[in-house]
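Worksheet: the structure to be examined is printed underneath.
The values are calculated or read from the model by the stated rules, or taken from the named source; none is laboratory data. Worth saying up front: this structure is predicted, and the values here are computed from it rather than measured. Virtual Cβ from ideal backbone geometry, glycine too; neighbours counted across all protein chains shown. Just the protein is used for accessible areas: all its heavy atoms, side chains included, with ligands, DNA and RNA removed. Shrake-Rupley method; radii C 1.70, N 1.55, O 1.52, S 1.80 Å.
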Amino acid sequence: MTEIIQKVKNLSIGFKSKKGEEILILRNISTNIKKGETVGIVGESGSGKSTLALAMMGYVKHGLYTIGGECEFNSSNLLKMKNRDLEKIRGRKIAMIPQNAGQALTPNLKIGYQIDEALKLHSDLKEEEREQKISELLNKVRLPSPETIALRYPHELSGGQQQRVAVAMALAGTPDLLLLDEPTTGLDVTTQAHVLELLNFIAKDTGTSMVYVSHDLGAIAQVSDRIIVMYSGEIVLEGPSRDILKKPIHPYTYGLLKSIPKLSLAGLPQSMPGSQPQPGTMQRGCSFFDRCDFSEEKCKSNSPQLEYLEELNTSVRCFNHKSLMNDSQVNQTVNKIKTSLQDKEILNISEVSISYAKQNLLDQVLNRISDDNPTVKDININIKKGETIALVGESGSGKSTILKSIAGLLRTKGGVIKFDQKRNLPSDLKERDPNDLRIIQLIFQNPDESLNPNHTVEEIIAQPLKLYFGLKGEELKKNIKELLQKVRLGEFYMSRYPRQLSGGEKQRVAVARAFAAKPDIILCDEVTSALDVSVQAAVLNLLQQLKEDFGTTYIFVSHDLAVVRAISDRVAVLYQGRLCEVGPSKDVYQFPSHPYTEVLLGAVLEPDPDIKPKLVAEDIVEEKPPQKGCSFQGRCSRILGDICKNEIPPWQITNSGNSIRCHIPLKELQKDQIN
Amino acid sequence: MKLDNIYQEEKKSNFTKVSEIIITMASRPSGFIGLSILIFHVILAFISPYIAPYDFKAINPTLMLQAPSAEYWFGTDDLGRDVFTRTILGGRTALTITFFGSLIALLWGGLLGIFCGLVGGKTDDIVMRIVDAFLSIPWILAMLLIVSLLGTSTEVLIPALGFFYGKGIVRVARAATHDVIAKDFIVSARARGHSNFSIIWYEIIPNVRDAILVEGAMRWSWMLLGFSSLSFLGFGVSPPTPDWGLMISNARGLMSFAYWSVIAPIVGLSSLIIGINLTADAFAKALGIDRSTKAPV
Ligand SMILES: Nc1ncnc2c1ncn2[C@@H]1O[C@H](COP(=O)(O)OP(=O)(O)OP(=O)(O)O)[C@@H](O)[C@H]1O
Ligand code: SF4
Ligand code: SF4
Ligand SMILES: [Mg+2]
């Protein structure tokens, strides 16, 4: 009954390889977007989801071309339309919010001006009407006091506010269809939840159809009525959101949902082996064959067709979907983590504070840092040998800063970092001896940046081996091979360059390089956040395995609370460079919690339509930690008054050994958190 | 989405890498033309002493300003010397001096740039101020000063040109280093405790090399123009050495009635500059670098 506003028919898009072969990025895609509907397109990087979304507004990226099929909007094919006609549709009828749209606002123009430009371009409003419309739009995206916001520059807004402005600009032309490419990726957990909630509201309020493109099933679950799952350029599953998340009848989706860590489950999720085939390397048969747990002989040589199942209103591309239909309550099993915790403390961080403040001349001469309100302050953590301790908090909470100081990359302003209960590690890298440097190794967030693009895998792993152990020749080669084996990569990877590896493989090489130094402590800075979910679980499992083998201690920084839950023994929650709560994982994830931990836990997006995020506090961002009192006072919904503003809250310790730093007594804290 | 992942390549020897780059350069029409011109000039510079039909310094007043003929292909100049002989020999000095000049420019400019990019902070500020101050001096005045103080021998010209044309390379090398330095693999090397030398040599240079080489190639054509201007003004090589700049300068008064004595060296000089330019352009494209420096012609 509902009207279809966008009809994609047998769409194939591809490019010509250097050898002249036609390589398909999208293979025969057909789907309809109905009026007022929100559709989520999920898939890992390289599955073609962005290409599909762009095609829906008649845009094919440079270098690609349409091989066949059409995208019909208002009964005309966008892909055949002239640019002049497309311009009338784009922005007015179909609007798009590209990835990182908030950050892409023009930095030197005021917000109001930028929205006005969008209105001039995409609407026929007159000048007086536009002014009115600007505040209306800013109101609609729930920005506080639109009049003042309109006069600000983008850098004067927080990430979430910038994203809201991008949404307001997209709504300027009152589009019928809104395409959103990774609308919340890169935003903080708390901000994500707020932005999605706003988009949900707008969809209901205006009746705009929305198409979300994301790799994040958690985000998609919160907003979409219908989900399209893409795998290597094809639709493999399409149906009502709830069914797909609760009863995925395609093995890929099934595996994907199982590999996502959940807040409610401690322990590592099962990983999905392998990776998506690159375009152009597709064999005959089902493209998921290599990774499928349900495959049969016939899947190898026959490609399954997309089959529409009337009773479920679902389309699926799999010969075996029936066997999944009966038991596909994604009953997740997790590998319980074994703790190899020893009683010996390996790293004592006491009273550490770190400042980014510019030193003035006098300070430079006296070689001191004077800043009475440093970025990070009063950090006290004692880490046991073999433990995995996680630092969590929003962006800017000082997690990476603390890691850098432990590694010696950033001088501390004060405090002591003691190794093995005997040696104080000098705060300056230059003063540390080679062994001090060897015992602490780092793994970074983005393996694209942490591996030198001009070195082969062999050269990358050889570096620490040569530096610390002086290995050469055959011995060196042997060690490299062993390390590759440890991270489950074959010998033939030695001669590859990073650009020839997938994201997960690159991260494995980075892990091998860290372990090459035989370190006692490994600092992991967001090591899985640049990876696809299906790969993330594999890397987490690998890290856990290696830790059990070598007895390594991990300090694990992440903004993803579910991942932290899966891997860590203990969690430290940071806000504005100050500790709020430190305790064993299972207690931190239970109430009573510090009010900030409660906010973080509430905002987690789970791939389950029944678990909605709870939005406790505003998603405002503070520039600087407060001078005195509790660090969280600016956003705390339970603030007591002057005591919170003036006095640093005391540490309160629960029976299970969880420390919470708040003025509210534990009993009372818990009372309001139960429900 | 990384499309080039499809083309799995194995580690290549330096020789294959260089030949691949040359093939890519030559596969573009402009690159092919540029390379051909450059190679033609280089070969000519090597063999010209052996193929030159006449003695380049033989003065013969009876043959003054002859028009081109079967005997004297490009005619003769005001002293009766064969213009063809002088033209094919005229690029030798210019090519040699500017080639070595460019190498010197690459070396000091590249290293200083990388150093500045690496240390950053105050040192970087001060060094860049000095470099900027030098950049603002009209180079030709400074060159004239140097040449008049130290003479016009090759030993003076090569380092002097190398010095002046290295300034631009400092900027490029510094910017490229800045981009690399922020990457985590450098942080990682620092955290492991590698020495500054090893970080520069092993981590930075492979990543900035291409940008610096391209800039060096560009500087070469600028330098050629500069060197010829010096000769033109009489401050380059000294007569009777055949040199395009000098030849143009000598014959420019005769333009109206003995055009041949001017045309030949002009064609020689401009074709070489264009050749180097096109080659540098193709080189940049083959390496996948967007060149922002403008060509001198
Ligand atoms: N080089 C720097 N100079 C000045 N301030 C900095 C610098 N690096 C970080 N900061 C500030 O220090 C604070 C903590 O930053 P840090 O990078 O440690 O946060 P984080 O918790 O790791 O955040 P994210 O999740 O975004 O990585 C932030 O307010 C940040 O703006
Ligand atoms: S068709 Fe076969 S290989 Fe493909 S997903 Fe289904 S069971 Fe697995
Ligand atoms: S001390 Fe006060 S402001 Fe801080 S978290 Fe507790 S109640 Fe909130
Ligand atoms: Mg960080």
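If amide hydrogens are placed 1.01 Å from N in the peptide plane, which non-local residues have theirs closer than 5 Å to the one on residue A:67?
Correct list: A:12, A:13, A:14.
How high is the relative contact order of chain A, given as a whole-number percent (alpha carbon pairs under 8 Å, six or more residues apart)? Write down the numbers at each step before the final one.
Numbers: 1370 pairs, mean separation 87.5, N = 675.
Once normalised by length, the contact order is 13 percent.
By how many degrees, 0 to 90 and rounded to 10, does the Cα axis of helix B:205-232 deviate from the longest principal axis of chain B?
20
Determine the alpha carbon to alpha carbon distance for each of A:547/B:17; A:477/B:183; A:110/A:404; A:18/A:466; A:418/A:477; A:404/A:624 and list only those over 31 Å.
Working: A:547/B:17 40 Å; A:477/B:183 27 Å; A:110/A:404 36 Å; A:18/A:466 39 Å; A:418/A:477 35 Å; A:404/A:624 20 Å.
Violating the 31 Å Cα-Cα cut-off are A:547/B:17; A:110/A:404; A:18/A:466; A:418/A:477.
Using the Karplus curve 6.51 cos²θ - 1.76 cosθ + 1.60 with θ = phi - 60°, what ³J(HN,Hα) values do you get for each residue of region B:35-49, in whole Hz, with x for Gly and Pro?
Values per residue, Gly and Pro as x: 4, 4, 4, 4, 5, 4, 5, 5, 4, 4, 4, 6, 9, 3, x Hz.
Rounded to the nearest 500, what is chain A's calculated 222 nm mean residue ellipticity when only DSSP H runs of at least 4 contribute -39500 (n - 2.57) each, over all residues?
Calculated mean residue ellipticity at 222 nm is -9000 deg cm²/dmol.
Would you kindly find the accessible area of residue B:247, with a 1.4 Å probe and non-protein molecules such as ligands, DNA and RNA excluded, rounding to the nearest 10 Å²?
20
Checking the a/c ratio against 1.5 first, then a/b against b/c, what shape does the Cα gyration tensor give for chain A?
oblate
From the phi angles alone, apply the Karplus equation (6.51, -1.76, 1.60; θ = phi - 60°) to region A:514-528 and give each ³J(HN,Hα) in whole Hz, x where the residue is Gly or Pro.
Each residue of region A:514-528 in turn: 5, 6, 4, 7, 6, x, 8, 10, 10, 9, 10, 9, 6, 5, 10 Hz.
In nm, give the distance between the simple-model label positions of residue B:69 and residue B:209, each being 7 Å from the Cα along the Cα-to-Cβ direction.
Placing both labels 7 Å beyond Cα along the Cβ direction yields 5.6 nm.
Would you please put A:452-461, A:432-441, A:76-85 in order of how densely packed they are, using the mean number of other Cβ atoms within 10 angstrom per residue and starting with the highest?
Those peptides, ordered most packed to least, come out A:452-461, A:432-441, A:76-85.
Taking amide hydrogens as modeled 1.01 Å from N in the peptide plane, which residues meet the under 5 Å criterion relative to residue A:554, leaving out close sequence neighbours?
Under 5 Å from the amide H of residue A:554 lie the amide H atoms of A:387, A:388, A:389, A:522, each far enough along the sequence or on another chain.
Roughly how many Å² is the accessible area per residue of chain B, as a whole number, for a 1.4 Å probe?
Solvent-accessible surface per residue comes out at 49 Å².
Inside 10 Å of the C-beta atoms of B:178-188, what's the mean count of C-beta atoms belonging to other chains? Walk me through the intermediate numbers first.
Numbers: counts 0, 0, 2, 0, 1, 8, 13, 15, 3, 7, 16.
Partner Cβ neighbours, averaged per residue: 6.
At 1.4 Å probe size, with no ligands or nucleic acids counted, give the accessible surface of residue B:124 in Å², nearest ten.
Here the accessible area works out near 10 Å².
Using alpha carbon centroids, what distance separates region B:146-204 and region A:514-587, in Å?
40
Could you pull out the trypsin sites (Lys or Arg not before Pro) across region A:224-312 that fall in loop regions by DSSP (anything but H, G, I, E, B) with no more than 15 other Cβ atoms inside 10 Å?
A:284
Remind me, relative contact order of chain B in percent, using alpha carbon pairs under 8 angstrom and six or more residues apart?
26
For region A:100-174, calculate the relative contact order in percent as a whole number, restricting contacts to Cα pairs under 8 Å that are 6 or more residues apart. Each step should come with its number before you reach the end.
Details: 85 pairs, mean separation 39.4, N = 75.
Relative contact order here is 53 percent.
Residue by residue, what Karplus-based ³J(HN,Hα) values in Hz, rounded to whole numbers, does region A:171-184 have, using 6.51, -1.76 and 1.60 with θ = phi - 60° and x for Gly and Pro?
7, 4, x, 6, x, 8, 9, 10, 9, 10, 9, 6, x, 10
Using the Cα centre of the protein assembly as shown as the reference point, and only Cβ charges (+1 on K/R, -1 on D/E), how large is the resulting charge dipole? Debye, rounded to the nearest 20.
Around 1020 debye, computed over the protein assembly as shown.
Apply 1/(1 + (r/R0)^6) to the Cβ-Cβ distance of residue A:147 and residue A:373, taking R0 = 30 Å, and write down the FRET efficiency to the nearest 0.05.
With a Förster radius of 30 Å, E is 0.40.
Of the beta bridges DSSP finds with both residues in chain A, what % are antiparallel, to the nearest 5?
60
What average count of beta carbons from other chains do you get within 10 Å of the Cβ of residues in A:462-471? If you can, show how the numbers build up before the last one.
Working: counts 0, 8, 5, 0, 2, 6, 2, 0, 0, 0.
Mean shielding count: 2.
Assigning unit charges at the beta carbon (Lys, Arg +1; Asp, Glu -1) and nothing else, what dipole magnitude in debye, to the nearest 20, does region A:100-174 show about its Cα centre? Present the calculation step by step, with values, prior to reporting the outcome.
Details: 9 positive and 10 negative charges, 57 e Å.
About 280 debye.
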